[in-house]
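Peer 1: Structure below; questions to follow.
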Amino acid sequence: MSFFTPPERIEAEVFATVPAHLRKKGHPSSWIDANHPGSGLDCFLEGPAFDRAGNLYMVDIPYGRILRLRAGAEFDVAVEYDGWPNGLAVHRDGRVFIADYRHGIMVLDPGTGKVTPHLTHRFSEGFKGVNDLTFAKNGDLYFTDQGQTGVHDPTGCVYRLTASGRLECLIANAPSPNGIVLDPDDKVLFVAMTRANCMWHCPLKPEGGVSKVGVFAQLPGIHGPDGLAMDEAGNLAVAHARPGIIWLFSGIGEPLYRVQAPVKNARFTNLCYGGADGKTLYITESYSGTIYRARMPVAGKLLFSHL
C-alpha cells in the first residue's frame, strides 16, 4: 500500500570539481583520522552558499579551508585556518558566517581573508561541536550543535542568536542535529536529525522558543539527513548522504522528487539553490570533491544574503 505517488527522478550533473592543485593529497588531518581513517581523502566539501556576486563558497572540513568557486568557474582558497569548518551562511553585508566544529561560530571577511571568533561558548562552556547555520530575514542566526550526539545520547542543541546578540537554546534534546533551515515565512524551523534518520518540524513562538515540535518526515536506511534547503513554495530539499539522494518533500511531508547522480556511491551531503532564476540546486559530493547541479521545479527561498 502506498500513501504517496512515487517521487519523480531528477538526474544531477557535474558542475565543477576541485582541481588537483588545491587537493591536499598526503597531508595529515586529525579530522580524517577520527572520522574517515585510512580513506586518504584530499578534501571533504560541505556547506555551499552563494554571495550576491554569484561566488559559491563551501567548506573543506579536514583542512580548515573555505573554498570559493568564482562566478567564472575558477576555484580558489578564500582562507585556510586552524579549524574544522562544517557549514556556512552568507550575511547580507557580505560576511561569511562559519559553523566551526572546533571553535564555534566564526566570521570570515572575504575582503581581508581574516577569520575571527563570533560566538565560542555559552555560559562559559564550549559547544559540543556546531554543525550548520542559517539566517532569518531579520538577521537572527539559527545553528545546530551536534557534537557526537545520537539516539544513544539525545543531548544535541539548536540555538538562536538574535541580531541584537541574545543567545537562546531552543532545543536541548536533539539526537544529532545537523542541517537547519527556515520556512518561507520564518515561522517554522526544520532541523535534520542525522542519527534519528528524520527531520523535525519546529514551530517558532512569537514571544520566543518553540512549541509542539514533531517529526516532519522519516527517511529509510541507517544513515539520515544532512543538509537542508527550502524553496519559495515551502518544499524542503534534504541531502540523504549515504544513499546519495536529494529528496524534495512538500510542505506536508509528501516526497515529490528524488535527485540522484549518474554514478554509483555518490555521497550528497549539502545543498543550496542558485542560478539566474534560482531553480538550480547545487550539491556537494564530499568524497570526490565535486559540485553537482540539478534543475528543480521551484526556485529556492530568497536568503538573508540576497535581501
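Peer 1: Please give the number of the condition TYR287 fails out of (1) modelled with pLDDT of 95 or more; (2) of a type in the set (Ser, Thr, Tyr); (3) surrounded by 16 or more Cβ atoms within 10 Å (Cβ to Cβ).
Peer 2: With (1) modelled with pLDDT of 95 or more; (2) of a type in the set (Ser, Thr, Tyr); (3) surrounded by 16 or more Cβ atoms within 10 Å (Cβ to Cβ) applied to TYR287, the lone miss is (1).
Peer 1: Return the pair list, or none, for Cβ contacts closer than 6 Å from residues in segment 46-72 that are crowded, with 22+ Cβ neighbours inside 10 Å to residues that are outside any strand (DSSP E or B) and not hydrophobic (A, V, I, L, M, F, W, C), at least 6 apart or on different chains.
Peer 2: As it stands, the answer is PRO62/SER29; TYR63/LYS24, since those pairs meet every condition given.
Peer 1: Is it the case that segment 232-239 has a residue that's hydrophobic (A, V, I, L, M, F, W, C), assigned to a loop (DSSP other than H, G, I, E, B) and in contact with a Ser or Thr (Cβ under 9 Å, 6 or more places away or on another chain)?
Peer 2: Yes, the conditions are met somewhere in segment 232-239.
Peer 1: When the residues of segment 174-214 are narrowed to those that are assigned to a strand (DSSP E or B) and more than 19 Å from the chain's Cα centre (by Cα), which ends up nearest to GLY244 (Cα to Cα)?
Peer 2: Here the residue is GLY214.
Peer 1: Of the residues that sit in segment 100-114 and are out of contact with any Gly (no Cβ under 6 Å at 6 or more places or on another chain) and part of a loop (DSSP other than H, G, I, E, B), which one is nearest to LEU133 (Cα to Cα)?
Peer 2: The initial filter retains those residues of segment 100-114 that are out of contact with any Gly (no Cβ under 6 Å at 6 or more places or on another chain), namely 104-114.
Imposing the further condition that a residue be part of a loop (DSSP other than H, G, I, E, B) reduces the set to 110-113.
Numbers: PRO110: 18, GLY111: 22, THR112: 23, GLY113: 20 Å.
Top of the filtered list is PRO110.
Peer 1: Here is a further query. Give the residue that is surrounded by the fewest Cβ atoms within 10 Å (Cβ to Cβ), with candidates limited to residues of segment 184-211 that are touching a Gly at 6+ places or on another chain (Cβ under 6 Å), more than 12 Å from THR144 (Cα to Cα) and touching a residue at least 24 places away in the same chain (Cβ under 8 Å).
Peer 2: Only one residue tops the list, namely PRO184.
Peer 1: A further question on this structure: Pairs under 6 Å by beta carbon, first residue closer than 20 Å to GLY83 by Cβ in segment 128-140, partner part of a loop (DSSP other than H, G, I, E, B), six or more apart or different chains?
Peer 2: Note: pairs meeting the criteria are LYS128/GLY147; GLY129/TYR101; GLY129/GLN146; GLY129/GLY147; ASN131/GLN146.
Condition check ((1) within 28 Å of GLY54 (Cβ to Cβ); (2) over 19 Å from the mean Cα position of the chain (by Cα)) across all residues:
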{"position": "ASP93", "(1), (2)": "yes, yes"}
{"position": "ASP100", "(1), (2)": "yes, no"}
{"position": "HIS103", "(1), (2)": "no, no"}
{"position": "LEU108", "(1), (2)": "yes, no"}
{"position": "THR112", "(1), (2)": "yes, yes"}
{"position": "HIS121", "(1), (2)": "no, yes"}
{"position": "SER124", "(1), (2)": "no, yes"}
{"position": "VAL130", "(1), (2)": "yes, no"}
{"position": "ALA136", "(1), (2)": "yes, no"}
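Peer 1: The conditions are (1) of a type outside the set (Lys, Arg); (2) on the phi < 0 side of the Ramachandran plot; (3) surrounded by fewer than 22 Cβ atoms within 10 Å (Cβ to Cβ); (4) modelled with pLDDT under 95, and ALA261 fails exactly one of them. Which is it?
Peer 2: (3)
Peer 1: If you don't mind, there's one more thing I want to ask. Can you tell me which of (1) surrounded by fewer than 23 Cβ atoms within 10 Å (Cβ to Cβ); (2) within 17 Å of the chain's Cα centre (by Cα); (3) within 25 Å of LEU281 (Cβ to Cβ) is the one GLU232 doesn't meet?
Peer 2: Result: GLU232 fails condition (2) only.
The values are calculated or read from the model by the stated rules, or taken from the named source; none is laboratory data. Just so we're clear, the structure is a prediction, and the values are computed from it rather than from any experiment. Heads up, the Cβs are rebuilt from the backbone with ideal geometry, glycines too, and the neighbour counts pull from every protein chain shown.
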